[in-house]
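Undergrad: Below is one structure. I have some questions about it.
None of the figures in this text is laboratory data; all of them are computed from the coordinates on show. Predicted, not measured: the structure shown is a model, and the values here were computed from it. Heads up, the Cβs are rebuilt from the backbone with ideal geometry, glycines too, and the neighbour counts pull from every protein chain shown.
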Amino acid sequence: MFSRRRVERGVGGAVSVLLARRRSEYRLPLPCPGWCAVLTTAPAGGAPHLLRLLGQTPVAFVDAPMPFSHNGFHAKLEYLSPGGMKARAAVAMLQAARQRGELRPGATVVESTSGTLGVGLAFAGQALGHPVVLVVDRDIDRSMRTLLTAYGTTVEVVDQPHPVGGWQQARLDRLHQLLDRLPGAFWPDQYHNPDNVTGYRALADELVTQLDVADVLVCSVGTGGHSAGLARELRRHWPGLRLVGVDTVGSTIFGQPARPRLMRGLGSSIYPRNVDYRAFDEVHWIGPVEAVDSCRRLARTAFVTGGWSTGAVARVAAWISRMESGVRVVTVFPDGPHRYLDSIFDDAYCAAHGLLAPAPAHPIEIPHPYAVEVTRWSRCRTVLDPVAVAA
Ligand SMILES: Cc1ncc(COP(=O)(O)O)c(C=O)c1O
């Protein structure tokens, strides 16, 4: 089935791309006119042919120079699938809810997200025939808001943080008001819904087909969905696989105190139940300076690049390949660069936020997640579930 295998070399041999797509995908019929129109609601009955476009993304070998030399790593390029990586989770959550009868045909889907899941739900909503309402906060990127509206979702903007629970709580409060107002509306609840985790089974299967074996999997962690799903599936094929989690400074997921965060996608201010703490061998916290530096380096010399989480995982994957020669490292680039043209790739934005400072080439090693409050790239080989610790 996976009949195409093509190797391309970038300038200076920076990238080898293994394309592994089903032959049939090259012969898809042209999209129907309904797909091209700017939709205000999902098409009645859905556009299930869209589902055939999901996944089957290529893997690139990346050895673009970081501030240190390294031996390269493999990266799954999820931005080459419509809706990016999170469309897999979105489709899985909606399909499972439909099977259980929790989501009736044509019913509205409501979720709190300012990020990639919104695009994924826009995709899943059109494919399966559900209008989508997204609760976002005031600080959502302008381009993201435009994109979500163009894809036919209704964007509900929350303009005041909750006095105690911040933006996340304010969004949840609005979400519950909407669920009360919209009969039959369904909330996927990506942070705690196990169907988010199982949505990555196909991604794992693709990796097993594309790579002989990997020793280390490096994953960004937001809801915990893809790290948990991939580790579980891949270890059935590669039992010795180590899992390295990548969070952002200021995120609570791995036991650090909450602080304002510039980086989006990875990190959280809550403790998502989808994070499989026992699956992780170590965690790294990355700061925005390091992520910007990595994204820009990748763009300049490897062509494949992306947003905050891509910069973060690339840094860590490259560093592990440097420190442990001979170890085969694989990571996932969840989305591409286009949403970040006004931030990561914008000199004025980066200068205004102090993101063009020299980025550290090595992490600080900390003995315990609670030992110090991290403010730059740090690494800890003890991984704890903060909820279990507090209990
Ligand atoms: C761009 C991006 N990267 C990484 C992640 C983290 O993935 P997960 O939620 O599977 O932990 C997210 C989650 O929303 C994301 O939007």
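Undergrad: Among the DSSP beta bridges whose two residues both lie in segment 86-194, what percent are antiparallel, rounded to the nearest 5?
TA: 10 percent
Undergrad: Let me ask you something else. Which log10 I(q)/I(0) values, to two decimals, does segment 347-391 give at q = 0.22, 0.29 Å⁻¹ under the Debye formula with one point per Cα?
TA: With no solvent term, the Cα-only Debye profile gives -0.81, -1.04.
Undergrad: Shifting gears a bit: Can you give the FRET efficiency to the nearest 0.05 for TYR370 and HIS176, using r as the Cβ-Cβ distance and R₀ = 35 Å?
TA: 0.60
Undergrad: Further question on the same structure: May I ask you to list the trypsin sites (Lys or Arg not before Pro) in segment 138-167 that are in a DSSP loop and have at most 13 other Cβ atoms within 10 Å of their Cβ?
TA: Those that pass, being in a loop and sparsely packed, are ARG138.
Undergrad: Here's something else I'd like to know. If the elastic network links every pair of Cα atoms under 10 Å, which of ALA228, ALA351, ALA96 fluctuates the most in the Gaussian network model of the chain?
TA: Comparing ALA228, ALA351, ALA96 in the GNM, the peak value goes to ALA351.
Undergrad: For segment 266-277, what does the Karplus curve 6.51 cos²θ - 1.76 cosθ + 1.60, with θ = phi - 60°, yield as ³J(HN,Hα) per residue in whole Hz, taken in order and with x for Gly and Pro?
TA: For segment 266-277, the Karplus-derived couplings read 8, x, 7, 10, 10, 10, x, 6, 6, 6, 9, 4 Hz, x marking Gly and Pro.
Undergrad: Of the residues LEU298, LEU54, LEU356, which exhibits the maximal mean-square fluctuation in a Gaussian network model of the chain defined by a 10 Å Cα contact cut-off?
TA: Maximum among the listed residues: LEU356.
Undergrad: Using a 10 Å cut-off around each Cβ, can you sort ASP173, ASP137 from fewest to most neighbouring Cβ atoms?
TA: So the ranking, lowest neighbour count to highest, is ASP173, ASP137.
Undergrad: Okay, next question. Could you tell me the center-to-center distance, by alpha carbons, between segment 338-391 and segment 93-135 in angstrom?
TA: What the calculation gives is 31 Å, centre to centre.
Undergrad: Another question, then. Please give, to one decimal in nm, the separation of the simple spin-label points placed at VAL389 and GLN160, each 7 Å out from Cα toward the Cβ.
TA: Distance between the two pseudo-spin positions: 3.4 nm.
Undergrad: Return P(r) of the chain (all Cα-Cα pairs; 20 Å bins starting at 0; whole %; ordered from short to long distances).
TA: So the P(r) values, bin by bin, are 29, 61, 11.
Undergrad: Taking only Cα atoms and a 10 Å spring cutoff, compute GNM fluctuations for the chain and point out the largest among LEU172, LEU103, LEU262.
TA: LEU262
Undergrad: Full-extension gain between HIS192 and PHE303, please, as 0.36 nm times their residue separation minus the C-alpha to C-alpha distance.
TA: 36.5 nm
Undergrad: Report the percentage of all Cα-Cα pairs in segment 86-194 whose separation exceeds 21 Å, rounded to a whole percent.
TA: Within segment 86-194, distances greater than 21 Å cover 29 percent of Cα pairs.
Undergrad: Taking 0.36 nm per intervening residue step and subtracting the Cα-Cα distance, what contour gain separates ARG236 from VAL213 on full extension?
TA: 7.1 nm
Undergrad: Which FRET efficiency value, to the nearest 0.05, is calculated for GLU324 and ALA44 with the Förster distance at 41 angstrom and r the Cβ-Cβ distance?
TA: With a Förster radius of 41 Å, E is 0.15.
Undergrad: Ranked by Cβ crowding within 10 angstrom, fewest neighbours first, how are MET263, MET66, MET323 ordered?
TA: MET323, MET66, MET263
Undergrad: Efficiency by 1/(1 + (r/R0)^6): what FRET value for ASP139 and ASN71, r their Cβ-Cβ distance, R0 = 22 Å, to the nearest 0.05?
TA: 0.05
Undergrad: Give me the extension gain from THR382 to TYR349: residue separation times 0.36 nm, minus the current Cα-Cα distance, reported in nm with one decimal.
TA: Gain on extension, THR382 to TYR349, equals 8.4 nm.
Undergrad: Still on this structure: Which of TRP238, TRP319 comes first, and how do the rest follow, when ranked by fewest Cβ neighbours within 10 Å?
TA: Listing TRP238, TRP319 from fewest to most nearby Cβ atoms yields TRP238, TRP319.
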